[in-house]
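Working notes, structure below.
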Amino acid sequence: ARLAREHDLLEPLSRALTNFGSSLNSRDLSAALATCRESTGVARRSGHRSNIDYGLANELIALWQIGDLPNTRAVLHDALESAVDVGIRSTLRTIEVWVADADGEPLPAPDADYDTSTDDEATLSWQDSADLARALAAGDVERTAALAEESLARILGVMGLYDDFCVLWPPMVEAAVAIDDLALATRLLEPVERALPGLLSPAVSAHWHRLRGLISGARGNDPAFAETEMRAGIAALKAFGARGFHAQAQEELGHWLITQHRAEDAAPLLDAARTTYTEIGARGWLAKLEAREPSRT
């Protein structure tokens with residue numbers, strides 16, 4: 001990027017910034033957002049259509065993790081109007097499904113952008129994630145489990161624990177817990193559990209703590225470990241700046257504490273999650289929280 005700037009080479013500069021932004025998305029969200037926006041601006045100056053698409057997709061991944069739903073909706077709308085890259089359109093359609101869930105809207109069905117004939121593993125990984133959300137929402141336990149297991153193998157093959165793994169992996173584990181398949185959830189956790197020290201990005205490490213605590217809590221065999229890990233996940237997600245995920249982790253711990261007959265400890269966590277959902281406009285997540293929380297009367 002530095003060399004491209006020195007020589008005013010716009011296409012190599014936008015490509016370098018796009019790759020750098022993608023890497024930063026799991027490491028430093030504020031730097032990722034700035035880099036992705038710069039990459040898109042440079043790509044527009046160069047007129048390179050594919051680089052514009054990739055820059056917008058990476059910006060959306062940063063915005064989604066930050067929990068900036070208004071800007072996520074706005075950028076997503078513009079990107080869907082302009083994107084021509086087939087693989088990127090799969091990414092955009094998956095983010096559209098995630099946003100619909102946060103908004104409490106029906107999940108959009110696959111449309112003409114859906115390329116089931118492709119053999120591009122990255123494209124299929126994103127399509128898998130949208131299909132997983134749809135299967136879970138429909139209550140299709142068998143398909144949910146099959147998609148989670150198949151997609152993990154695909155993602156590990158194409159990106160390992162890097163790139164978009166930080167946003168594609170957590171929903172798989174969450175889905176396995178939601179369908180009460182804790183054996184599957186444990187298998188989905190294993191590649192991260194086996195990673196050598198120092199290889200996990202801040203985003204993946206934060207979700208790892210949160211999810212292993214969630215699985216332990218669902219098993220019910222070590223309450224102290226479950227709480228310690230969920231609290232570690234909450235702290236790490238806050239430090240990373242993933243506001244929406246941080247609130248979800250607070251909600252998860254709050255609901256678990258209620259099952260442990262600790263409603264007083266749960267209340268501040270649920271109140272904090274409620275406040276965040278209200279502030280970021282996550283109407284769907286707020287409605288789910290309210291539906292699960294016991295009456296205070």
Protection-proxy order for peptides 121-127, 194-200, 210-216, 234-240, each taking the mean of Cβ atoms within 10 Å per residue, highest first: 210-216, 121-127, 234-240, 194-200
Angle between the chain longest axis and helix 10-24 axis [Cα atoms, degrees, rounded to 10]: 10 degrees
Per residue accessible area in Å² of the chain, where ligands, DNA and RNA are left out and the probe is 1.4 Å: 45 Å²
Proximal charge balance of Tyr277 [Cβ under 13 Å; K/R count +1, D/E count -1]: -2
Label-point gap, in nm, between Ala109 and Val86 - each point 7 angstrom along Cα→Cβ: 2.2 nm
On Cα atoms only, tilt of 29-46 relative to the major axis of the chain in degrees: 30 degrees
Folded to 0 to 90 degrees: helix 223-240 orientation relative to the chain principal axis, Cα: 30 degrees
Cut-off 12 Å between beta-carbons: net charge of the residues surrounding Ile215, Lys and Arg +1, Asp and Glu -1: -4
Most positive-pole-ward Cα, Pro223, Ala235, Val192, against dipole of the range 158-242 from beta carbon charges: Ala235
Cα-based equivalent ellipsoid of the chain: semi-axis lengths in Å, sorted from largest, via gyration tensor: 33, 20, 19
Computed FRET value (nearest 0.05) for Glu279 with Arg27, which takes r as the C-beta separation and R₀ as 22 Å: 0.30
Pairs of Cα atoms farther than 13 Å apart, the range 12-67, %: 44 percent
For the chain, with +1 on Lys and Arg beta carbons and -1 on Asp and Glu, the positive-most of Gly104, Leu13, Ile61 along the dipole: Leu13
Accessible surface of the chain [probe 1.4 Å, protein heavy atoms]: carbon and sulfur percent: 54 percent
Per-residue ³J(HN,Hα) for the range 68-83, Karplus 6.51 cos²θ - 1.76 cosθ + 1.60, θ = phi - 60°, Hz, x for Gly and Pro: 8, 5, x, 6, 4, 4, 5, 5, 4, 4, 5, 5, 5, 6, 10, 5
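The values are calculated or read from the model by the stated rules, or taken from the named source; none is laboratory data. None of the values given here were measured: they were computed from a predicted structure. So basically every Cβ, Gly included, is an ideal-geometry build from the backbone, and we count neighbours across all protein chains shown. Side chains included, ligands, DNA and RNA excluded: accessible areas come from the protein's heavy atoms. Shrake-Rupley method; radii C 1.70, N 1.55, O 1.52, S 1.80 Å.
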